[in-house]
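Notes follow the structure.
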Amino acid sequence: MSEKTFVIVGSSLAGAKAAQELRECGFDGRVVLIGAESERPYERPPLSKDYLRGESEREKARVHEEGFYRQHQIELLMGTTVTAIDPGAGRLTLEGVRELSFDRLLLTTGAEPRRLSLPGVQLDGLYYLRTLADCEAIRERLELGGQVAVIGAGWIGSEVAASGRQKGCKVTVIDPLELPNERIFGREIGEFYRDVHAQHGVELLLAQGVEAFEGDTAVRRVRTSSGRTVECDFAVVGVGVVPRVELARAAGLQVDNGIVVDERLRTSAENVFAAGDIANAWHPFYERRIRVEHWANALNQGPAAARAMLDQDVSYDRIPYFFSDQYEVGMEYSGHATERDEVVLRGDRDGGEFIAFWLKDGRVVAGMNVNVWDVNQHVQALIRSRHTVDVAALCDPDTPLESLVGEPAGR
Ligand SMILES: Cc1cc2nc3c(=O)[nH]c(=O)nc-3n(C[C@H](O)[C@H](O)[C@H](O)COP(=O)(O)OP(=O)(O)OC[C@H]3O[C@@H](n4cnc5c(N)ncnc54)[C@H](O)[C@@H]3O)c2cc1C
């Protein structure tokens with residue numbers, strides 16, 4: 001039996017899956033999983049979708065079933081904040097008082113909502129969405145109906161807007177960009193999502209930011225930069241997240257848009273690793289560092305970090321992937337298209353069943369399947385192949401995608 005202690009800070013998806021992986025790989029030392037939230041680890045995607053609408057059970061969001069951690073001798077410390085780490089001494093501090101030694105440490109401290117700093121942000125009825133508690137507070141408001149102002153047309157804002165409409169609320173979305181998720185999608189697909197929301201009765205106030213929230217004690221109105229005033233009973237803000245780097249920074253670890261890690265997910269300290277939303281990881285495929293704020297990354301990178309902690313040969317190079325569900329529109333997106341020349345479509349855009357491909361130098365750098373399923377592995381293979389594609393064939397639904405994945409065309 002190993003004498004070693006492996007500690008994981010952050011008991012959400014990446015941390016809980018890492019603890020599971022340590023055991024599945026046969027590590028029989030001490031595993032301690034520490035989380036600031038007083039909740040058994042849970043997944044966040046349902047918090048803007050089915051659970052927010054009251055369509056699924058609370059327990060369905062859990063990463064593991066009741067009893068899992070006990071059964072696998074994973075010490076789960078819930079409601080416990082790690083206040084300092086000392087990689088050199090192999091020691092951390094819990095709640096500013098208790099100390100715990102570790103041989104190896106994994107940081108999965110994730111991200112938190114970016115807060116607005118505007119007149120009126122102290123008013124009641126202004127919500128952010130990250131935790132189960134946040135979700136349940138918003139859910140109560142949605143149940144009452146009325147008017148909701150959603151600030152931000154990114155993923156969280158778009159999904160909350162959709163859930164709000166599905167619950168029968170009047171919804172106004174406000175965003176400084178001209179289209180939903182325009183930075184990721186570009187114009188064509190941004191327009192598609194704008195139209196989807198408009199068709200479902202969402203009022204979209206785009207190309208204008210929020211200037212102020214107004215009301216006596218609770219928010220009653222949102223004033224936008226174009227002079228519009230939006231009446232509301234409450235507001236939900238989804239303007240992105242920021243990585244929680246305080247612990248790592250104070251410990252002297254290298255931090256730059258998250259905790260900097262190599263492809264083995266090792267930080268600048270030999271005995272400390274990081275994974276999930278917090279990790280700005282060297283990506284061997286892209287040959288640069290990327291930080292991915294999505295479910296699949298936490299799901300897969302946590303276990304990869306666990307294997308690295310066990311000195312297994314790890315090189316985390318999964319193509320980034322995420323999914324979103326809004327009304328009857330489900331989609332999966334793969335890739336990392338920071339640069340692109342064009343977007344081409346395969347399928348029926350107006351009917352809402354298509355695949356969009358983002359191309360750079362004739363190669364697929366990202367793909368998104370909308371209400372078309374079981375193609376994701378082919379989309380990822382196309383990206384990975386770096387093959388120059390025949391655009392006509394790519395856009396032709398009768399040409400199997402897998403037939404387009406040829407030999408890499410050099411880099
Ligand atoms: C409402 C919502 C919907 C989403 N929907 C989707 C989706 O549809 N598709 C998709 O791909 N992704 C989605 N995501 C993103 C996805 O949930 C995240 O990428 C994922 O949760 C990241 O997991 P993580 O374990 O890295 O970090 P987090 O989930 O952020 O968890 C980090 C944990 O660490 C704890 N912690 C932080 N500091 C300390 C400390 N000092 N001591 C102890 N504990 C600490 C925090 O309390 C937290 O519990 C959604 C996110 C939200 C909020």
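The values are calculated or read from the model by the stated rules, or taken from the named source; none is laboratory data. None of these values were measured; they are calculated from a predicted model. For neighbour counting, all protein chains shown are included, and Cβ atoms are generated from backbone atoms with ideal geometry for every residue, glycine included. Side chains included, ligands, DNA and RNA excluded: accessible areas come from the protein's heavy atoms. Shrake-Rupley method; radii C 1.70, N 1.55, O 1.52, S 1.80 Å.
Please go through the range 335-358 and give me each residue that is acidic (Asp, Glu) and touching a Leu at 6+ places or on another chain (Cβ under 9 Å), ordered by number.
341, 342
Within the range 168-189, can one find any residue that is within 13 Å of the ligand (Cβ to nearest atom) and in contact with a strand residue (DSSP E or B) (Cβ under 6 Å, 6 or more places away or on another chain)?
No: zero hits.
Which of the residues belonging to the range 246-255 are open to solvent by 10 Å² or more (accessible area, probe 1.4 Å), in contact (Cβ under 8 Å) with a residue 40 or more places away in the chain and either within 30 Å of residue 121 (Cα to Cα) or of a type outside the set (A, V, I, L, M, F, W, C) (or both)?
Within the range 246-255, 247, 250, 252 meet the criteria.
Taking the range 110-131 as the search range and keeping residues that are more than 16 Å from the ligand (Cβ to nearest atom) and outside any loop (DSSP other than H, G, I, E, B), which one is farthest from residue 232 (Cα to Cα)?
Filtering the range 110-131 for residues that are more than 16 Å from the ligand (Cβ to nearest atom) and outside any loop (DSSP other than H, G, I, E, B), the one farthest from residue 232 (Cα to Cα) comes out as 124.
Taking the options 377, 312, name whichever one is open to solvent by 40 Å² or more (accessible area, probe 1.4 Å), without any contact (Cβ under 8 Å) to a residue 24 or more places away in the chain, within 26 Å of residue 282 (Cα to Cα) and of a type in the set (S, T, N, Q).
The match here is 377.
From 124, 134, grab the single residue that is open to solvent by 70 Å² or more (accessible area, probe 1.4 Å) and at pLDDT 95 or above.
After ruling out the rest, the residue left standing is 124.
This table checks each residue for (1) over 18 Å from the mean Cα position of the chain (by Cα); (2) within 30 Å of residue 220 (Cα to Cα); (3) among the aliphatic types (A, V, I, L, M).
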site: 246; (1), (2), (3): yes, no, no
site: 269; (1), (2), (3): yes, no, yes
site: 287; (1), (2), (3): yes, no, no
site: 296; (1), (2), (3): no, no, yes
site: 311; (1), (2), (3): yes, no, no
site: 319; (1), (2), (3): no, no, yes
site: 325; (1), (2), (3): no, yes, no
site: 333; (1), (2), (3): no, no, no
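Out of the residues in the range 84-101 that are open to solvent by 60 Å² or more (accessible area, probe 1.4 Å) and in a loop (DSSP other than H, G, I, E, B), state the one that is farthest from the ligand (Cβ to nearest atom).
88
Let's see how each residue does on (1) near the ligand (Cβ under 9 Å from one of its atoms); (2) under 23 Å from residue 295 (Cβ atoms):
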position	(1), (2)
12	yes, yes
25	no, yes
28	no, no
40	no, yes
54	no, yes
73	no, no
103	no, no
108	yes, yes
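Out of (1) more than 14 Å from the ligand (Cβ to nearest atom); (2) farther than 30 Å from residue 186 by Cβ, the odd one out for residue 81 is which?
Only one criterion in (1) more than 14 Å from the ligand (Cβ to nearest atom); (2) farther than 30 Å from residue 186 by Cβ is unmet by residue 81, namely (1).
Report yes if residue 330 is among the small types (Gly, Ala, Ser) and either crowded, with 20+ Cβ neighbours inside 10 Å or at pLDDT 95 or above (or both), otherwise no.
Yes: the conditions hold for residue 330.
Name the residue, out of 183, 194, 187, 165, that is more than 16 Å from residue 224 (Cβ to Cβ), open to solvent by 40 Å² or more (accessible area, probe 1.4 Å) and in contact with a His (Cβ under 6 Å, 6 or more places away or on another chain).
165
State all residues of the range 143-167 that are basic (Lys, Arg) and within 16 Å of the ligand (Cβ to nearest atom); if no residue qualifies, say none.
167 - this is the single residue of the range 143-167 that is basic (Lys, Arg) and within 16 Å of the ligand (Cβ to nearest atom).
Checking residue 253 against (1) farther than 14 Å from residue 107 by Cα; (2) assigned to a loop (DSSP other than H, G, I, E, B), only one condition comes out false. Which one?
(1)
Mind checking which residues of the range 123-137 are touching a residue at least 60 places away in the same chain (Cβ under 8 Å) and over 19 Å from the mean Cα position of the chain (by Cα)?
Those that are touching a residue at least 60 places away in the same chain (Cβ under 8 Å) and over 19 Å from the mean Cα position of the chain (by Cα): 123, 124, 125, 126.
Return only the number of the condition from (1) open to solvent by 30 Å² or more (accessible area, probe 1.4 Å); (2) farther than 30 Å from residue 360 by Cβ; (3) of a type in the set (Val, Ile, Thr) that residue 242 does not satisfy.
Condition (2) is where residue 242 drops out.
Would you check if there is a residue in the range 340-352 being in a strand (DSSP E or B), without any contact (Cβ under 8 Å) to a residue 40 or more places away in the chain and more than 16 Å from the ligand (Cβ to nearest atom)?
yes
Residue 45 versus (1) of a type outside the set (Gly, Ala, Ser); (2) within 9 Å of the ligand (Cβ to nearest atom); (3) over 30 Å from residue 144 (Cα atoms): which is the lone unmet condition?
(3)
Kindly provide the set of residues from the range 256-279 that are crowded, with 22+ Cβ neighbours inside 10 Å and outside any loop (DSSP other than H, G, I, E, B), ordered by number.
Scanning the range 256-279 gives 259, 261, 272, 273, 274, 276, 277, 278, 279.
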